[in-house]
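Worksheet: one structure, shown below.
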2 protein chains.
Amino acid sequence: MPATRPVERLQDSLRQVTALIEKHRVLEAMTHAQAGPKRELLESLQHRQNVAELHQRLKALHPADLAYILESLPLDERLMVWEQTEPVQAGAVLVEVAAAVRESLVERTARERLLAVLAGLDGDDLAFLADALPDDVRREAYARLDERALSWVRSSAAYPEGSVGHIMTSDVLTVREDQSLGGVLDELRARPELPASLDPLFVVDARNVFGGRLPLRTLLARDASLRVADVAERESVSFLPEDAAAAAAQAFERYDLVAAPVVDERGKVLGRVTVDAVVDFIRAQSDLEALQRAGLSGEEDLFASAWDGARNRWLWLAVNLVTAFLASRVIGLFEGTIQRLVALAALMPIVASIGGNTGNQTVALMIRRLALDRLGPGALRHLFTKELSISLLNGSVWGGVMGLAAFVLYGHAALGLVMAAAVLLNLLVSAVVGIGAPLLLHRSGRDPAQGSSVLVTFTTDSMGFFIFLALARLFLG
Amino acid sequence: MPATRPVERLQDSLRQVTALIEKHRVLEAMTHAQAGPKRELLESLQHRQNVAELHQRLKALHPADLAYILESLPLDERLMVWEQTEPVQAGAVLVEVAAAVRESLVERTARERLLAVLAGLDGDDLAFLADALPDDVRREAYARLDERALSWVRSSAAYPEGSVGHIMTSDVLTVREDQSLGGVLDELRARPELPASLDPLFVVDARNVFGGRLPLRTLLARDASLRVADVAERESVSFLPEDAAAAAAQAFERYDLVAAPVVDERGKVLGRVTVDAVVDFIRAQSDLEALQRAGLSGEEDLFASAWDGARNRWLWLAVNLVTAFLASRVIGLFEGTIQRLVALAALMPIVASIGGNTGNQTVALMIRRLALDRLGPGALRHLFTKELSISLLNGSVWGGVMGLAAFVLYGHAALGLVMAAAVLLNLLVSAVVGIGAPLLLHRSGRDPAQGSSVLVTFTTDSMGFFIFLALARLFLG
């Protein structure tokens, strides 16, 4: 039996493939160093053995593992492994691989080979890859589909990313409510092929309208003469293709679903969403959010050029420069005050920084609450009171500490008081903007995870500088 | 048929429950306002009707929906709903509800009721709740378990959070490889109860050692006289209870698993992990990481006291104050320089801020790469080169822009050059620390998502101030 611990097995495979590539490299280097017919014979023999071994190794791998290995290899080695992959397997790999790496492969694969690779894929997979393929290749790949598959691919590729339609598949098995359980079993046995995960079967009426679920355990355990309608579970969840995939994911989490039907406006079954697609969606979503919070537009291929990496970060850098520049102009207003008491220059970043950090804590909590629809008007009022109280509490304690530190450091009591007051006030600002910014973005239909932190940091920076320096001008002269 | 769109249904339920609570409130207010026996009769009748209606409404809800509603209600309304929940349902709700809210419920539930609530739960759920229960309640709840269930609860409660043992369940169904498929079907039918999700069955040998999977579709479709060993899928994934749940989650994602067995060192089947537990784990993990990145120790109950909220944020606030204070001391070293050219005070936060933002972009990418084990020594060298190149590129462009802006603003050419050089150099610093900090934390066995951003921001702040002010002193001063 093969090793069953997946992490170790995968790292083993990666090591073996890397070793084979290394060997290949050495052989190539030898070819260049030596000359003559004897060398050629030796080289070509060893070389062929080596390639055959690599080929064998790759063939034994799960497409997802091969995708991981491709993602982990620098571009030229990645392409070498990709070329050695059988077309059928390569199709499945193309579906599994990260988007940035998929792009690098599609770009560098000859048209004929790309078509051979796509030939092994079903309509669901083709629809998933549609956006990543050159127009002419996509058209030609579609040409071999029958009419039904083609209309499926067209319609499901048309649903936008983030919708249920985008992650649904066509491999749905329905049973009629007037069938007997024995009849269902016979029908399943008679099918040439069954979908990978069957459980539960979806129950429909004569017009193909969804009406409940038939778990396999019921099918197996209950008497074969019973009718489906007698044992089906009526309480059941379904989705429209236009529904948000995020809402579907929440339902899968909440009700521990393994599969759910996708229906049209009249309740007719169109396809289904399975839990593996939901898991992929949840992971991709949370990864993307983590990157977007840091101002990246998406995942980077580890081995892409510095130029691609730089572009991925430009927008954010530009926005950040503008906001930092504006905050700096606030300081510019008080240059006279700073010149008279230069300690202000050293202390002001503390006031700004503590406001930014506290504001972003509030943002992190808000994003989750907004995602869960947890903020009715009553809850919102409560939340403002609560966050302001927290700021008052923390501001008094830590503002006091920083005021004391400023006093000890500069021996200037009024400066200490100004410091303490500024920290407290900026924490109150951070509470308001920490709730307000994500709320505003959410209400205007945007993703609060994407712009909140810029807004908050900008506000707490400028207000931090302003409050501290204005208080200093007023009271320290 | 009930509404099947889960999001709408849930919001409907929340509205209905809230309306009933509101009615209850009004009745209570009337009780206080009026007096006399007639009023009492009226009130108690209406009141009883109202409570009965609430009771009925709650009974019809899925435990996960009821958990959501409890989480969305302020403390006193939450407790009112909780009191009206049937013990059997309340047990399932306690398992589903968020940890912070669970705490609020357990704290305020009388011992007798709590025991009644726990009485409906199986060993897996009790083990899951173990840490949340008072010692004496836990002991008494355990007392009713039979010996086998008790040893299961004890051993699985002992596995730490984040391990496979913590999320595994005991409801695993195994079949012997020497059975016939027909025999397996008969055995399933003979069982008094089958687990909710059956697929796939796990195949074991005579010593209960795991040897493969038997998907239900194979069981249903193939000839009943075939032996399990002939049709089982040999290539299969299993876990040890000590394995990281995160590694199991990656395997579920990668291989589209619905369930996988947990085995001991000799390969004997102990239990299983199902995809719903994995989905919950992935979601909890990514939520926790988002909160921890912002320096929060965990989720907050929306309706908990400001005091609890303040404590959740203290550690971070304290750390942030210390680092901001240290960065401020760097500025303190250059007070003379600032006094001579006060424009420096206005410009220095730009240099610091742009370094922090860029560094945290690198961190976001690094965290994901480390989680996927994607950084061999070769990749790391490549990554340093790449990030430094990106910084050089972005630093030249945007440093140039900021230098020009400083020149235009202050009419001081040398100041512009110093600004441009400082931005470029601080971006190089941010590349090094953006890779180095998460790597260091990861290698020392910590979670890079938790401390990286503090380290990076501290370094880019202090170095930003230092580079800019030191260059200014050298060339302007």
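The numbers here are math on the coordinates, done by the rules we state, and not lab data. Since the model is a prediction, treat every value here as computed from it, not as a measurement. Please note: Cβ atoms are built from the backbone with ideal geometry, for glycine as well, and neighbour counts cover all protein chains shown.
General remarks:
- Using a 7 Å Cα-to-Cβ projection, B:V322 label spacings across copies, nm, ascending: 3.8
- Only lysine pairs 8 or more places apart or on separate chains count here, and in the protein assembly as shown those with Cα atoms under 24 Å apart total 4.
- Net dipole in debye of the stretch B:332-464 [+1 Lys, Arg Cβ; -1 Asp, Glu Cβ; about Cα centre; nearest 20]: 360
- Equivalent-ellipsoid semi-axes for the stretch A:145-283 (Cα gyration tensor, √(5λ), whole Å, largest first): 26, 17, 14.
- Once Rg and the Kirkwood radius are both taken over the C-alpha atoms of the stretch B:180-260, their ratio Rg/Rh works out to 0.99.
- Proximal charge balance of A:L455 [Cβ under 14 Å; K/R count +1, D/E count -1]: +1
- Cα coordinate range in the stretch A:241-317, projected on the principal axes (Å, largest first): 49, 24, 21
- Taking only the Cα atoms of chain B, the ratio Rg/Rh comes out at 1.11, with Rh defined as the Kirkwood radius.
- Exposure proxy order (Cβ contacts within 10 Å, fewest to most) of B:F384, A:F465, A:F458: B:F384, A:F458, A:F465
- For A:G298, the distances from its label point to the matching points in the remaining copies are 3.7 nm, ordered from shortest, with each point set 7 Å beyond Cα toward Cβ.
- A dipole drawn for the stretch A:335-477 from +1 and -1 charges on Cβ atoms has a positive end, and of A:N394, A:G436, A:S462 the residue lying farthest that way is A:G436.
- Derived value for the stretch A:365-477: Kirkwood hydrodynamic radius 15.3 Å. Basis is the mean of 1/r over every pair of different alpha-carbon atoms.
- Plainly put, the tip 7 Å out from Cα toward Cβ on B:E53 is 7.9 nm from that tip on each other copy, the closest given first.
- When both the stretch A:320-382 and the stretch B:335-402 are represented by their alpha-carbon centers, they are found 21 Å apart.
- Taking the number of Cβ atoms within 10 Å of each Cβ as an exposure proxy, the fewest-first ranking of A:S238, A:S391 is A:S238, A:S391.
- Farthest towards the positive end of the charge dipole of chain B, among the residues B:L288, B:G359, B:A244, is the Cα of B:G359, using unit charges on the Cβ of Lys, Arg, Asp and Glu.
- For the stretch A:38-108, the fraction of alpha-carbon pairs in successive 10 Å shells from zero, as %: 20, 49, 22, 9, 1
- 12 Å beta-carbon shell around A:L94, net charge (K/R +1, D/E -1): -1
- Ranked A:I282, B:I338, criterion: other C-beta atoms within 10 Å, fewest first: A:I282, B:I338
- Listed by number, the DSSP H helices of chain B that run 20 Å or longer by alpha-carbon position along their axis and have mean Kyte hydropathy of at least -0.5 are B:6-33, B:275-293, B:306-332, B:343-371, B:377-410, B:413-443, B:448-476.
- Convex hull volume per residue in cubic angstrom - Cα atoms of the protein assembly as shown: 212
- Basic side chains Lys and Arg get +1 at the Cβ, acidic Asp and Glu get -1 at the Cβ, and with that the dipole of chain A about its Cα centre reaches some 1520 debye.
- The magnitude of the dipole of the protein assembly as shown, with charges of +1 and -1 set on the Cβ of Lys/Arg and Asp/Glu and taken from the Cα centre, is near 2500 debye.
- Over 19 Å [Cα-Cα, the stretch A:142-213], rounded percent: 51
- Kirkwood Rh and Cα Rg combined as Rg/Rh, the stretch A:57-203: 1.04
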